[in-house]
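Accompanying notes for the structure given below.
The values are calculated or read from the model by the stated rules, or taken from the named source; none is laboratory data. In this text, all values refer to a predicted model and were calculated from it rather than measured experimentally. Methodologically, a virtual Cβ is constructed for each residue, glycine included, from the backbone with ideal geometry; neighbour enumeration extends over all protein chains shown.
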């Protein structure tokens, strides 16, 4: 029964977007989004979710899942991308970053899940890679997958180890272009941020550098922050809203928890430039009121889908790149899209009761709209 439920949930999240987004509520943002306002606006990027929600007979609650981001879709296995990573605060995990740091390349997908499922997802991603039927461009059968985590133990029976290889396979196989479902889905199913129910969010920006148009897309798994510090579009939402006492929350006394931020672009960038882009994701996080507290795992990865041939293998190839003096539009776009992706995660999430009867309330849309109007920040939706 569980495998059938998982399949149905995975299929549903792959084909529809059911929840409103920040712009639908009149939240104003800077910059020009792409057509989908999602990481999949970067051509070739695909996203898949498997969502696990189940009340077990023994009283435990399953509220977790897996999200897969493939930089080049199914071609990600044989055609790596240039990449860079950055750790703002290290109380978390993203595997595979040592090789990215040395090689400048990301081989395969980026996987998101809960803290205690990293090992399962890591092993299952390698097994999926092997089943694709060919070694890498250098002739080696080896894989160092990127698996990142945030902790969902407030709402999920995290020590029940409910994520398995079947769920990882399903997330990878269902990964698709097009709209990305947000909120209580995939790896974000049981996540909480700023003491409201949260999860997965995404956004994008279109920029021009000279005569060339480029796209920056961001996807977040958000599980950080205190209510008091929450700001949306510059409005001190957290200090204006009284948090319900029964709410679980991840950080009532500080900015603890974690956030994983994935930045994609089609701009031709070298690995050291992508590391610089990844750093800017932290500035989008700061716009939300985060100060990256001592117990927070704030880990970011950025990759470029350009330079397909140059990144692919041992044969030397021409590599295009943007001059450092022209990077500012990409930096700004990363900050803007990160901020909006986090707000989208908050807006799309829904109330959830989980492990131990703990309850996480979604941010009240009506109150948010009221505050935006009160502070003169409301932007009437198109």
Notebook entry, point to check: Can you name the residue in the range 167-212 that is out of contact with any helix residue (DSSP H, G or I) (no Cβ under 9 Å at 6 or more places or on another chain) and either assigned to a loop (DSSP other than H, G, I, E, B) or at positive phi (or both) and, of all such residues, is surrounded by the most Cβ atoms within 10 Å (Cβ to Cβ)?
Noted result: 189
Checklist line | the range 126-179: number of residues that are at pLDDT below 95 and farther than 21 Å from residue 46 by Cβ | finding: 6
Checklist line | Top-ranked residue of the range 213-231 - restricted to ones that are in contact with a helix residue (DSSP H, G or I) (Cβ under 6 Å, 6 or more places away or on another chain) and assigned to a strand (DSSP E or B), ranked as surrounded by the most Cβ atoms within 10 Å (Cβ to Cβ) | finding: 220
Next item on the list: Kindly state which helices (runs of 4 or more DSSP H) lie completely within the range 280-382 and contain at least 3 residues that are within 18 Å of residue 204 (Cα to Cα), touching a residue at least 40 places away in the same chain (Cβ under 8 Å) and in contact with a helix residue (DSSP H, G or I) (Cβ under 7 Å, 6 or more places away or on another chain).
Entry: 328-348
Next item on the list: Out of 28, 35, report the one residue that is farther than 30 Å from residue 256 by Cα, outside any strand (DSSP E or B), touching a helix residue (DSSP H, G or I) at 6+ places or on another chain (Cβ under 9 Å) and at pLDDT 95 or above.
Entry: 35
Checklist line | In the range 1-25, the residues that are more than 21 Å from residue 69 (Cα to Cα), modelled with pLDDT under 50 and in contact with a helix residue (DSSP H, G or I) (Cβ under 8 Å, 6 or more places away or on another chain) | finding: 3
Note to self: Quick check on residue 93: is it free of Cβ contacts under 8 Å to residues at least 40 places away in the same chain and touching a helix residue (DSSP H, G or I) at 6+ places or on another chain (Cβ under 9 Å)?
What the structure shows: no
Item checked: Tabulated pairs, the range 99-119, first without any contact (Cβ under 8 Å) to a residue 40 or more places away in the chain and at positive phi, second in a loop (DSSP other than H, G, I, E, B) and surrounded by fewer than 24 Cβ atoms within 10 Å (Cβ to Cβ), C-beta under 7 angstrom, 6+ apart or interchain -> 108/77; 108/143; 108/145
